[in-house]
Amino acid sequence: MIPLDLLKKYNLPENQATDAIESAISRVLSKAFGTDIFVLIQDSLEILSLPNPDSPIHPIDTASIPRQLQRQVRFQIQRELEKRQALREVETLSALRGRPVTGEIRHISSNGETTVALEMEDHFRRLALTGVCPARHLPPSERQTLAVGAMKTFLVTSVLPVMKNGRAKVLIRLSRTTKALPEALLKERTDEPSICCVRRIAGAFSEIVTKRKLPKETIRAVGNELKERIIVRVVEGQNT
């Protein structure tokens, strides 16, 4: 009744996996039997039926549950584990918001929405993720020329749990038009905290102010990545 292969697949903490399985089994069997079903997982699996508050609790033998109903239970367990996994990933990946990430264009839909395969390091492990960039968050010059297989840098604007085709997933939204992108790239490559992008027309130019001079090669590299001119003004002693 407890799908060990799914537990291994989703790799949730024991308390979260246990709660997910108990909830899924209780929900399916309560609906099927038309009564309250309580599920407890400790050393073994216990399924208890409580027809009404005045009736004694009856244990249910898992072997007596029809196979079709067991398949429904497994299906709902998988969905519940997916949902918990998505929520856990959102909590972990929320730190990506506001960070520049590089990825490979994998698909461009008919409305211009771009699916991007992302790879990044996180606490000594490599994460393989998928992000989505709406057409309106691509520079106008790229909307007709972007090709599958191209490598581009984006800014992560949000990390959200969503339901797609009845399944829980993590949605990572991306942008190449926000003025926070050149700002983040320059900060990442120079460790200069005062850098601020005050104006940007994506694909044309970005105006940057900073309290300290930035290396020309870094400015050039960011400009090449974004296919635009990076204009830097040093404003020592002023708030940026």
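Computed from the coordinates by the stated procedures, all read-outs in this text should not be read as laboratory data. Computed from a predicted structure; not experimentally measured. A quick note on method: Cβ atoms are made from the backbone with ideal geometry, for glycine too, and the neighbour counts reach across all protein chains shown.
Some points to look at:
- Among the lysines of the chain, pairs that are 8 or more positions apart or on different chains and have alpha carbons within less than 15 Å of each other number 10.
- Potential lengthening between R99 and K164 on full extension [0.36 nm per residue; Cα-Cα distance subtracted]: 20.9 nm
- Rounded, prolate or oblate (a/c below 1.5 giving rounded, otherwise prolate when a/b exceeds b/c) for the range 101-175 by Cα gyration tensor: oblate
- Residue among L69, L185, L226 with the largest mean-square fluctuation in a Gaussian network model of the chain, springs linking Cα atoms under 10 Å: L69
- With contacts taken as Cα pairs under 8 Å and at least 6 residues apart, the range 1-120 reaches a relative contact order of 21 percent.
- Listed residues L181, L29, L118, most fluctuating in the chain (Gaussian network, C-alpha, under 10 Å): L29
- Theoretical FRET efficiency, 1/(1+(r/R0)^6), r = Cβ-Cβ of S30 and E113, R0 30 Å, to 0.05: 0.15
- In order along the range 155-164, phi translates into HN-Hα couplings of 9, 6, 9, 7, 10, 9, x, 9, 10, 10 Hz, rounded to whole numbers, per the Karplus curve 6.51 cos²θ - 1.76 cosθ + 1.60 with θ = phi - 60° and x for Gly and Pro.
- Overall form of the chain per C-alpha gyration tensor (a/c, 1.5; a/b vs b/c): prolate
- Vicinal HN-Hα couplings computed from phi for the range 89-102 (Karplus, 6.51 cos²θ - 1.76 cosθ + 1.60; Hz; Gly/Pro x): 5, 4, 4, 6, 8, 4, 5, 6, 4, x, 9, x, 9, 10
- Contact order relative to length of the chain, as percent, for alpha carbon pairs under 8 angstrom and 6 or more apart: 13
- Cβ-defined net charge surrounding P139, 11 Å radius [Lys, Arg +1; Asp, Glu -1]: +4
- The chain: most fluctuating residue of P100, P182, P13 per GNM, C-alpha cutoff 10 Å: P13
- Counting Lys and Arg as +1 and Asp and Glu as -1 over every other residue whose Cβ lies under 12 Å from the Cβ of P100, the net charge comes to +3.
- Table column - 3J(HN,Hα) (Hz), the range 133-150, Karplus curve with 6.51, -1.76, 1.60, x for Gly and Pro: 10, x, 4, 5, 9, 9, x, x, 5, 9, 5, 9, 10, 5, 10, 4, x, 5
- Helix-only CD estimate at 222 nm, as mean residue ellipticity for the chain, using -39500 (n - 2.57) per DSSP H run (n ≥ 4): -10500 deg cm²/dmol
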